Amino acid sequence: MKFKIVLAVLAGLVVTGCYNDFDTPAPEKLYTDEDMTTLGLTQISIADVKAQFSEVFGSVSDTGTNNNGWGKTKTLKFGDLTPEESEFESLEGWPAAANYYIKGKVISSDRQGNIYKSLYIYDGTAAIELKLYTGLYLDYYLNLDTMESQWVYVRLNGLYLGNYRMMLSIGGSPSDAINTAGTHKYYANSNLDNPKIAKLNVFPGEATKLEASDILEVDASNYDQLGEKDLARLVRFKNVKVRYAGIPNQDGVTNPPMLNGSYENLYPTWIVTDWGTPRYGAWYRWAYNVENVRLYGSVLICYNDTETNTANPGVYSVRTSGYSQFAMKPIPRDGSVGTVLGIYGVYGQQWDQAQFQISVSRLEDLDFPAESLLTEEEIERMTPAESYDPPVKNNSGDYESDE
């Protein structure tokens, strides 16, 4: 009954002052703190929300691996559990969350297609990913040139704080699925793909400005201070160097590959991620998009030229989607120095096996001198022929045999 009352109040908030007809459509309602009070909610910081995960499960390390059953796929539900959720062995309830909301500024955009179904918000204490739907830039505004942003309110009740490879996010219920390699995968939460459903919990607020303090500045003097508390934040990496690893650079020199646990990682590269075991190929553009085959790319940037392990401070991979508008743009030459602005994330099973990743919203946020970019002639000379023929899916959804 209480939930029905809340929905009725929410419906009233949507309708109030927003009479709409075909000829004169009303603007979408923008929510305020007063609206949250009307809903009977109290604000809680994002940092306090993320701390609940550690309080319940101890640590994000060794969780969220998604291939070992529900034992390591940790989820914290905001609110009471339903009888159907007893199947999730690791699921723990936090009923008090029914009374809370978080509020943060938009710090990411999917306009250029590199950030997919995710919205990142920051409230001055911490940042977090909201797992939502496509076309988020139409509903949640960000202009990094003018520092214009928008408040977002999230009513926590019924949502799930999930962990994927040590990266926390808020989304829908846990799910399991079979990937294209035929491997069973367990996901701690899911996307709220339907905007109408998502907007029962995620509300656009009024316009606001990003302050200088909303963007974390990192350079060679302080990169070792980045930590778990900064995950999902918008970070500006200043005067950072591009570093090829395991493949030839523009001078024909092959630097050693980077270690990730016991694996050797190549940079720059395109990568096939859903085969089961990742497959890499030498690629000198931000991502792979050839004949409608679209693969992630990774370019290494670092502050320490001698570092050999991705889990150590000062080593980051710029992760770019093959669906981004800038996937096929040339990357900088090995050793180029520039500035990268993006969402700071992590991917791994444990801290000593982690890769720290940066997801940029725009090509403009990969700020390297124009003269440092590879020429088309250099790219053609350096790219192996086999890189133009990666494994692709057949009509059954599996990959063609490469034997």
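The values are calculated or read from the model by the stated rules, or taken from the named source; none is laboratory data. In this text, all values refer to a predicted model and were calculated from it rather than measured experimentally. Heads up, the Cβs are rebuilt from the backbone with ideal geometry, glycines too, and the neighbour counts pull from every protein chain shown.
Can you spot a residue in region 233-246 that is free of Cβ contacts under 8 Å to residues at least 60 places away in the same chain, in a loop (DSSP other than H, G, I, E, B), assigned by TED's automatic domain parsing to the domain that holds Glu55 and not aromatic (Phe, Trp, Tyr)? It would help to see each step written out before you state the result.
Residues of region 233-246 free of Cβ contacts under 8 Å to residues at least 60 places away in the same chain: 245-246.
Those left that are additionally in a loop (DSSP other than H, G, I, E, B): 246.
Next, from what is left, pick out any that are assigned by TED's automatic domain parsing to the domain that holds Glu55: none.
The answer is no; no qualifying residue exists.
Could you list, in sequence order, the residues of region 301-340 that are within 17 Å of the chain's Cα centre (by Cα) and either without any contact (Cβ under 8 Å) to a residue 12 or more places away in the chain or closer than 13 Å to Met258 by Cβ (or both)?
Correct list: Tyr316, Ser317.
Is it the case that some residue within region 283-297 is free of Cβ contacts under 8 Å to residues at least 40 places away in the same chain and of a type in the set (Lys, Arg)? So that I can check it myself, show each step before the final result.
Taking region 283-297 first, the residues free of Cβ contacts under 8 Å to residues at least 40 places away in the same chain are 289, 291-292, 294, 296-297.
Pick out the ones that are also of a type in the set (Lys, Arg) and you get 294.
Yes, region 283-297 contains a residue that is free of Cβ contacts under 8 Å to residues at least 40 places away in the same chain and of a type in the set (Lys, Arg).
Can you tell me which of Tyr186, Tyr223 is under 19 Å from the mean Cα position of the chain (by Cα) and farther than 19 Å from Ser109 by Cβ? First the steps, then the outcome.
Working: Tyr223 fails: under 19 Å from the mean Cα position of the chain (by Cα).
Only one candidate passes the filter, namely Tyr186.
What about Phe203, is it touching a residue at least 60 places away in the same chain (Cβ under 8 Å), surrounded by 19 or more Cβ atoms within 10 Å (Cβ to Cβ), hydrophobic (A, V, I, L, M, F, W, C) and over 24 Å from Leu30 (Cα atoms)? Steps first, answer last, please.
Working: touching a residue at least 60 places away in the same chain (Cβ under 8 Å): yes; surrounded by 19 or more Cβ atoms within 10 Å (Cβ to Cβ): yes; hydrophobic (A, V, I, L, M, F, W, C): yes; over 24 Å from Leu30 (Cα atoms): no.
For Phe203, the condition - touching a residue at least 60 places away in the same chain (Cβ under 8 Å), surrounded by 19 or more Cβ atoms within 10 Å (Cβ to Cβ), hydrophobic (A, V, I, L, M, F, W, C) and over 24 Å from Leu30 (Cα atoms) - is not met.
When you check Ala311 against the structure, is it in a loop (DSSP other than H, G, I, E, B), hydrophobic (A, V, I, L, M, F, W, C), touching a helix residue (DSSP H, G or I) at 6+ places or on another chain (Cβ under 7 Å) and closer than 29 Å to Glu217 by Cα, yes or no?
Numbers: in a loop (DSSP other than H, G, I, E, B): yes; hydrophobic (A, V, I, L, M, F, W, C): yes; touching a helix residue (DSSP H, G or I) at 6+ places or on another chain (Cβ under 7 Å): yes; closer than 29 Å to Glu217 by Cα: yes.
Yes, satisfied.
So for region 99-115 (the condition being free of Cβ contacts under 8 Å to residues at least 24 places away in the same chain and surrounded by 15 or more Cβ atoms within 10 Å (Cβ to Cβ)), does at least one residue qualify? Show your work before the answer.
The first filter runs over region 99-115 and keeps only residues free of Cβ contacts under 8 Å to residues at least 24 places away in the same chain, leaving none.
Within region 99-115, not a single residue is free of Cβ contacts under 8 Å to residues at least 24 places away in the same chain and surrounded by 15 or more Cβ atoms within 10 Å (Cβ to Cβ).
If I ask for residues that are of a type in the set (Val, Ile, Thr) and under 23 Å from the mean Cα position of the chain (by Cα), which ones from region 236-266 would you list?
Pass one, region 236-266, residues of a type in the set (Val, Ile, Thr): 240, 242, 247, 253-254.
Selection gives Val240, Val242.
Scan region 89-130 residue by residue and report those that are among the acidic types (Asp, Glu) and modelled with pLDDT of 95 or more.
Residues of region 89-130 among the acidic types (Asp, Glu): 89, 92, 110, 123, 129.
Across region 89-130, the qualifying residues are Asp110, Asp123, Glu129.
So, in region 172-183, of the ones that are modelled with pLDDT under 95 and under 19 Å from the mean Cα position of the chain (by Cα), which residue ends up nearest to Leu156 (Cα to Cα)? Break it down stepwise before answering.
Initially, region 172-183 is screened for residues modelled with pLDDT under 95, giving 173-183.
From what's left, under 19 Å from the mean Cα position of the chain (by Cα): 173-175.
Working: Ser173: 13, Pro174: 15, Ser175: 19 Å.
If we take residues in region 172-183 being modelled with pLDDT under 95 and under 19 Å from the mean Cα position of the chain (by Cα), then Ser173 is nearest to Leu156 (Cα to Cα).
Is at least one residue of region 115-126 among the aliphatic types (A, V, I, L, M) and over 24 Å from Gly205 (Cα atoms)? It would help to see each step written out before you state the result.
Step one: list which residues in region 115-126 are among the aliphatic types (A, V, I, L, M), which gives 115, 119, 121, 126.
Add one more test, that the residue is over 24 Å from Gly205 (Cα atoms), and what stays is none.
No, because not a single residue in region 115-126 is among the aliphatic types (A, V, I, L, M) and over 24 Å from Gly205 (Cα atoms).
Counting just the residues of region 14-39 that are of a type outside the set (S, T, N, Q) and modelled with pLDDT under 55, which one comes out nearest to the chain's Cα centre (by Cα)?
Kept after step one, since they are of a type outside the set (S, T, N, Q), are these residues of region 14-39: 14-15, 17-19, 21-23, 25-31, 33-36, 39.
Filter once more, so that each one left must be modelled with pLDDT under 55: 14-15, 17-19, 21-23.
Details: Val14: 29, Val15: 33, Gly17: 35, Cys18: 34, Tyr19: 36, Asp21: 37, Phe22: 37, Asp23: 39 Å.
The qualifying residue nearest to the chain's Cα centre (by Cα) is Val14.
Somewhere in region 370-382, is a residue under 21 Å from Asn239 (Cβ atoms), out of contact with any helix residue (DSSP H, G or I) (no Cβ under 9 Å at 6 or more places or on another chain) and without any contact (Cβ under 8 Å) to a residue 24 or more places away in the chain?
Applying the first criterion (under 21 Å from Asn239 (Cβ atoms)) to region 370-382 yields 370-374.
With the extra rule that they be out of contact with any helix residue (DSSP H, G or I) (no Cβ under 9 Å at 6 or more places or on another chain), the set shrinks to 370-373.
Filter once more, keeping what is without any contact (Cβ under 8 Å) to a residue 24 or more places away in the chain: 370-371.
The answer is yes; a qualifying residue exists.
Among the candidates Gly172, Gly135, which residue alone is of a type in the set (Gly, Ala, Ser), at positive phi and either crowded, with 21+ Cβ neighbours inside 10 Å or assigned by TED's automatic domain parsing to the domain that holds Ala51 (or both)?
The match here is Gly135.
For residues that are in contact with an Asp or Glu (Cβ under 9 Å, 6 or more places away or on another chain) and free of Cβ contacts under 8 Å to residues at least 24 places away in the same chain, tally how many sit in region 62-93.
4
Looking at (1) farther than 25 Å from Leu30 by Cα; (2) acidic (Asp, Glu); (3) exposed (fewer than 15 other Cβ atoms within 10 Å of the Cβ), which is the only condition Glu85 fails?
Result: Glu85 fails condition (3) only.
Give the residue, chosen from Ser59, Ser45, that is farther than 23 Å from Ile197 by Cβ and either free of Cβ contacts under 8 Å to residues at least 60 places away in the same chain or not assigned by TED's automatic domain parsing to the domain that holds Gly158 (or both).
On the way: Ser45 fails: either free of Cβ contacts under 8 Å to residues at least 60 places away in the same chain or not assigned by TED's automatic domain parsing to the domain that holds Gly158 (or both).
Exactly one residue qualifies, and that residue is Ser59.
What residue, among those in region 267-297 that are modelled with pLDDT under 95 and not in a strand (DSSP E or B), is surrounded by the most Cβ atoms within 10 Å (Cβ to Cβ)?
If we take residues in region 267-297 being modelled with pLDDT under 95 and not in a strand (DSSP E or B), then Trp275 is surrounded by the most Cβ atoms within 10 Å (Cβ to Cβ).
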